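Read the structure below first, then the notes.
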Amino acid sequence: MNEDIPRRGLMLVLSSPSGAGKTTLSRRLLEADGNIRLSVSATTRPMRPGEVHGKDYHFISAEEFAAWVAEGKFLEHAQVFGNRYGTPSHLVNDALVAGRDVLFDIDWQGTQQLKEKMRDDLVSIFILPPSHAELERRLRTRALDSEETVQKRMAKASDEISHWAEYDYVIVNTDLDKALADIQAILNAERLKRSRQTGISAFVNSLV
Ligand code: 5GP
């Protein structure tokens, strides 16, 4: 990244079936890179142990969610596993204009909606598990959900995976460090795109 040259931020979307390691990769990316922030979604699903309101999600009621939809507060929203999830729009535009990147941990439905609205700002990555057996193992060792939910998620995984080809990049998460390095390489390259370096003309003019 050319630190001193003004640029427009980008929207980095990570999608995957549950259990492919996306949450860990998001957390590691956010820790390693000070110029990208997580878009905190709103959801109607119950809070899990260890989750923090306002950090992991804005946990809101179905009534509140419906009101936010009616007020146009979401950039995108979708129903996932019987719960509603949505991306609040208010912080995204400010971040992009200020040259800060925004990370989205959202599903394929949300990605499609963002693509329709903000194609030029969007960089989308699909994370795949290394194998079916490993996906099932990861879902079981997470132990955050009931057996019924695990079964439901396994069934949904193939549905989610069927959308892989709608993404700009695809990463197989065999090794966490390698997958993180791949995401960082994509992010760095996308930051250097000429179209995002809004201050580059002025800089070039100063050279000649
Ligand atoms: P979880 O309940 O396990 O945190 O998330 C379930 C799924 O919902 C994940 O695939 C996650 O990416 C997706 N998700 C989380 N927030 C949003 C959102 O704001 N919009 C959409 N479309 N999907 C979301």
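If you go through segment 159-188 and pick out every residue that is in contact with a Phe, Trp or Tyr (Cβ under 9 Å, 6 or more places away or on another chain), within 16 Å of the ligand (Cβ to nearest atom) and open to solvent by less than 30 Å² (accessible area, probe 1.4 Å), you end up with 5. For segment 66-84, state whether one or more residues are touching a Leu at 6+ places or on another chain (Cβ under 8 Å) and not hydrophobic (A, V, I, L, M, F, W, C). Within segment 66-84, one or more residues are touching a Leu at 6+ places or on another chain (Cβ under 8 Å) and not hydrophobic (A, V, I, L, M, F, W, C). The C-beta contact set for segment 44-68 (first residue among the aromatic types (Phe, Trp, Tyr), second residue more than 13 Å from the ligand (Cβ to nearest atom), distance under 9 angstrom, 6+ apart or interchain) comprises 59/53.
Residues in segment 155-195 that are basic (Lys, Arg) and either assigned to a loop (DSSP other than H, G, I, E, B) or touching a helix residue (DSSP H, G or I) at 6+ places or on another chain (Cβ under 7 Å) (or both): 193, 194.
Matching residues to (1) over 27 Å from residue 148 (Cα atoms); (2) assigned to a helix (DSSP H, G or I); (3) modelled with pLDDT of 95 or more:
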site	(1), (2), (3)
2	yes, no, no
17	no, no, no
29	yes, yes, yes
46	no, no, yes
63	no, yes, yes
68	yes, yes, yes
72	yes, no, yes
91	yes, yes, no
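A count restricted to segment 134-158 and to residues that are open to solvent by 70 Å² or more (accessible area, probe 1.4 Å) and either polar (S, T, N, Q) or at pLDDT 90 or above (or both) stands at 3.
The values are calculated or read from the model by the stated rules, or taken from the named source; none is laboratory data. Because the structure is a prediction, the values reported are computed rather than measured. Methodologically, a virtual Cβ is constructed for each residue, glycine included, from the backbone with ideal geometry; neighbour enumeration extends over all protein chains shown. These area figures cover heavy atoms from the full protein model, side chains too; ligands, DNA and RNA do not enter into them. Shrake-Rupley method; radii C 1.70, N 1.55, O 1.52, S 1.80 Å.
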